[in-house]
1. Rounded to the nearest 500 deg cm²/dmol, what is the calculated helix-only ellipticity per residue at 222 nm for chain A, with -39500 (n - 2.57) per DSSP H run of length n ≥ 4?
2. Which is farthest toward the positive dipole end of the range A:1-130 among A:F92, A:H79, A:G122, measuring Cα position about the Cα centre, with Cβ charges +1 (Lys, Arg) and -1 (Asp, Glu)?
3. Return the distance in nm (one decimal) between the two label points of a simple spin-label model at B:D313 and B:S201, each offset 7 Å from Cα along Cα→Cβ.
4. For peptide A:237-243, compute the average count of partner chain beta-carbon atoms within 10 Å of each residue's beta-carbon.
5. Helix B:147-165: angle to the longest alpha-carbon principal axis of chain B, degrees 0 to 90, nearest 10?
6. At what distance in angstrom do the alpha carbon centres of the range A:50-76 and the range B:368-405 lie from each other?
7. Under a 5 Å amide H to amide H cut-off, with H placed in plane at 1.01 Å, what residues pair with B:A243 once short-range neighbours are removed?
8. Taking 0.36 nm per intervening residue step and subtracting the Cα-Cα distance, what contour gain separates B:Y50 from B:L662 on full extension?
Amino acid sequence: MFELPSGAEIQSIISILKSGLGFFIPEIYLSILFMGLIILDLALKGRNKSGILGWATLIGLGGSFYFIAQQHAMQAGEHFFGMYVLDEYAIFFKYFFVASGMFAVVATLADRKFDAEVKSIGEYYALVVAMVIGMVMMAAASDLLMIFLAMELVSLSAYILSGYFKRDARSSEAALKYLVYGAVSSGLMLYGFSLIYGMTAETNILKISMELADHGYDPLVMILATLLIMAGFGYKIGAFPFHFWSPDVYEGAPTPITAYLSVASKAAGFALLLRFFYIAVPHGVSPYEDILGIDWLTLLVIMSVASMIYGNVVAIWQKNVKRLLAYSSIAHAGYLLLGVIVMDEIGTQAVLFYLLSYFLMNYAAFYVVVLISNRTGSETLDDYRGLGSKMPLAGAALTVFLISLVGLPPTVGFIGKLMIFSALLSKGALYIWLALIGVLTSVISLYYYMLIPLNMFLRESLEPNEKSLNPGFLAQLMMAVLMILTIWFGLFFEPLSEFARYSSAMFGLSLY
Amino acid sequence: MHSLIQLSIAVLLLPLLSFVILIFFNRRLPRRGDFIGVGILGATFGLSAYIFWTVIVQHYDPAFRVAWDFTWIDFGNVPGVGPLVIKMGIVIDNLTAIMLAMVTLISFLVHLYSTGYMKGDKHYGRFFAYLGIFTFSMLGIVLADNLFAIYIFWELVGLSSYLLIGFFFEKESAADAQKKAFLANRVGDIGMWLGILILYSQFHTFSYHEIFGHLAAGEFGMSHAWLTAAGILLFMGCVGKSAQFPLHVWLPDAMEGPTPVSALIHAATMVAAGVYFVARIFVLLTPEALYVISFVGAFTAFMAATIAITQHDIKRVLAYSTVSQLGYMVLGLGVGAYSAAIFHLVTHAFFKACLFLGSGAIIHAMHHEQDMRWMGGLRKNMPWTFVTFSVATLALAGLPLSSGFMSKDAILAGAIGFAQAEGGGIYYLVPFLGFISALMTAFYMGRQIWLVFFGESRTHLKPAAPDDHHAAHAHDDGHEGEHHAVHEVAWNMRLPLVILAALSIFVVYSPDPLDGGKGWFMHMIQTPATVVGETVHAEPALHMEAGESLAAGEGHEVVPGHGAAQMHAETHTEGHTFADPRQAEIGHLSHAAHNQAIMISSIMVALGIVLALVFYVFRLIDPDKTAKAIRPLYLLSFNKWYWDEIYNATVIKGSLGIARLLSWFDANIVDGVVNGVATLTRKFAFANGSFDRYAVDGMVNFTAFFVNTSGAFMKKLQTGKVQTYVVMVILALFGYFVYYFTQLVY
């Protein structure tokens, strides 16, 4: 029989909740935006409804930067009974996810397929915002319950979004597969959480860490719990062998959502993975060493190496550009995991920087794919033939983005890979072979990425058609800006790398 | 940031803007966008003139200096090297301000001139774009505050020069000249880069200012010989770019480029960049390096002058004269007459640009006739060109009242002082060659003026040889047998000539036509104290020259062994001395030699002019007969001392020989080995069945095949059935678990 809390206790709970609210303003703002968009959707009528909704979302999301920026001045720490944490690391990801959401909206506005496939845009934009909220909370969650809730919010929004083309069989199939696979992964992860709770009677990851350090644990249970949790995280980051959903979903989902999932959802997974492994898994001076006899490094190394090899090698065989980019995103998860393996300040900085560069180049590449498919109605490699002369800017821009994805200078992708590999090498000779695999698989990626420019510039179109396919002034401007940024940050990367270094502080502490 | 720095950044970037606009959009713009090039350069010149005004007129301080830099790349702490930071920055001092104004003015005038000269060319717009990128690169050299940046811009001017020499790339001779220029420069640039690396290896910085500071503090860790080597290697960059012996061969051939380019790049600015660079690093040159520099300069001045005497092509005469004058500047730096050398750089830039643009006007008016033998009598038809060309010729020959007179005399006085300070003997060769070259300069310029402007037109004397390029050109244009009247050129080509001629008159630089040292120029540019001389503790006034000429007596005090010596050295006070005794002595003696130099050089110039009159005006001696009488010498000069042939026989034949040897090695030994292996492998494969095929195809194919097949295999995992996916995950988890479990158990 539970005892009812006394009046004083209730008062103190309320006051703690109240004090936490001040640190929760961006999330509250985004929630209001979410609801506002649904109401706007109901209130609006007419042909331009989808455009107005899109722009409203864009402006609304942009507004949240104001509230996020104010959080830099606030004291880092835990709120809401240790459920939620505010630190530079979380703020970094808040910027990241809001920007991702905005880019998804931009890509949606550019995508003509929405006009054809979707009668009413309805709650689409609201769901994009809901996903932003979920991801923001994932990056800031410091409690197992909070982690689960945030992940489910992201997943549920993503299921609906990926199936948004209801009449397109591939889209519906994607949504269904995503749902089934996601449900299994969430279930496995939840089981892992419950094992941890069973061992420590705590849900806060800091307290879990202390409890494990103080009282020890049964290694067998610990292995099982962590493996199961990895299944959940691995599904979010899309690393081998938890990646199986991603090619099907990426291919079937609307392209803006594919881009959104491949960048933002993956980044959210990494945000969680980094925080969880640093905090919840106790480690001493050198990471992993004091978890009794368990070789955690091997687990991550296997996932990383397998992702790099599998993603790059299978991508060679793809005939559909979206699917090709899906496999390449598995490979990129592998590269990012290399940064996690390093598990120190340089590694975290490298991961954050790589995420920024990946954000830029992957979104940009998908954006061009959207523009091209607007004109040609297709995403297969064969239909890219001869496009270089018809859409010269798009061709040039896509080539730059793909060069960046390969990791060649002078692009931002090169700096990203450079930072990851140099972080690995700074750890000593043991990690050289890992870096070597990374470089070799990058060489493989050169082959399949360059298939796209090859088709665009060097092969004749299957159906000769001389008219040029102008994607419109705004789109051209956007591509030019993204292209310049990709090269600009490849040359002047200091602001980004400084931002990444500054943001690698969790809980307001330097962890190392 | 200082407002001057902000202005200078604008000055630097504006020509680049012109390049970007013109290279991409010239076909879409009216008049191919030439007004954009001219307009932007006009604005650039306006800003530079403002900088010049602020620095030179308002501050009027020999020690004026504004610097700004930023960290360009920070590699952090590189293992085995230490902190590796590359900075970029701008420094503005009097030298920079003067160079900025000079470069942008000449560039602007050449842009303006080209609107007339290049009119109707197929690649008219592209020409202006190239001029823009050249100007940008040249300004970069002028503004840079470190060796790394200067090297980058150094290569960029090399590139623009390459593009512009080969502007008429359909002509084979232009394409060859362009390659020759690029390769010859490359030789010099490699030396320069090695020199930069020697200094970098010691001080871990590229900044001049910091390097000088370290050197003054005696922190150079290697032997003195290395420092000399660094100086000479850096000087090699100048040898290439400023066409000094032995890399001078490219510059005369570079005249294949359009004439405005010859004026801007191959006379006034880029070739002077070498001299500018040596002036920038002047303080770190050891006396030994300076000897090398002075002899190279003297020899170049002399050799080029001898060649110029016998050339027929109007532009080639001017080209060799440029080489000769650059030799003077290098000589001036070598003997320590720093300010005189820079003075000559600037005066030469104006009068030589004027001469080239004048020759361009003549060529333009003569329908691409360049051979002086078929000119003559142009005085009447082209009065403007005649007058301006003559003024510039007087300056080049070094007649009193001209700018060239003052600057050349200052150099020669420095050379005499140098020879005296070094104790005579072989060192007198330097002033001797200088004076002989002055004589020859007067002679060949007299010859040129006479052949081109006086007498009667000799156009009709030209033999119409079928292989003659120009004749063929005339035939193409349908001018066969008729001679067009020669007209004065239009205003847009005349105006630059007038401005440049006006800048070749003494009053611009000094109120006293006989002594440049009394003018503002020599006051603003003063010889900096060396940072590598003998360290003598500063004694009061070794050679007090209070109130005397600024050219000689003035210097800077260096406190040896002091970290900030260089900075200290730049605080100028009236009438103090060099701490380095050698520098002080040269300064003293060259001041004393001033009147002597004026005397001798005036006599030499007079002699040269008299000779020219005797040969070409009064025809007392027939030049052709003289040539026959001294045929070996004539041929030596006419064939440019056979340098091209010598290089052909040694360097080119040598490299081709090595190439042939390597090719033979490749064809016979390497291929033999490969073929042998292939044969063996084929037999082996034949014997062993088909699976060996991949080994023969080589690693690359095999890897590709392997990757491909493994991809094909692995993609089968993606069945498209979500049940399989879930099973895979469970299997993977189970696999991991078994792995850890076994680890735990054992």
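The values are calculated or read from the model by the stated rules, or taken from the named source; none is laboratory data. All figures in this text were calculated on a predicted structure; none of them were measured in a lab. Here the Cβ is made from the backbone with ideal geometry for all residues, glycine too, and neighbour counts use every protein chain on show. The area values use the complete protein model at the heavy-atom level, side chains included, leaving out ligands, DNA and RNA. Shrake-Rupley method; radii C 1.70, N 1.55, O 1.52, S 1.80 Å.
1. For chain A, the value works out to -24000 deg cm²/dmol.
2. Going by the Cα projections, it comes out as A:G122.
3. If labels sit at B:D313 and B:S201, their model points lie 4.1 nm apart.
4. Average per residue, whole number: 3.
5. 80 degrees
6. 72 Å
7. It is none; the list stays empty.
8. Fully extending the segment from B:Y50 to B:L662 adds 214.5 nm.
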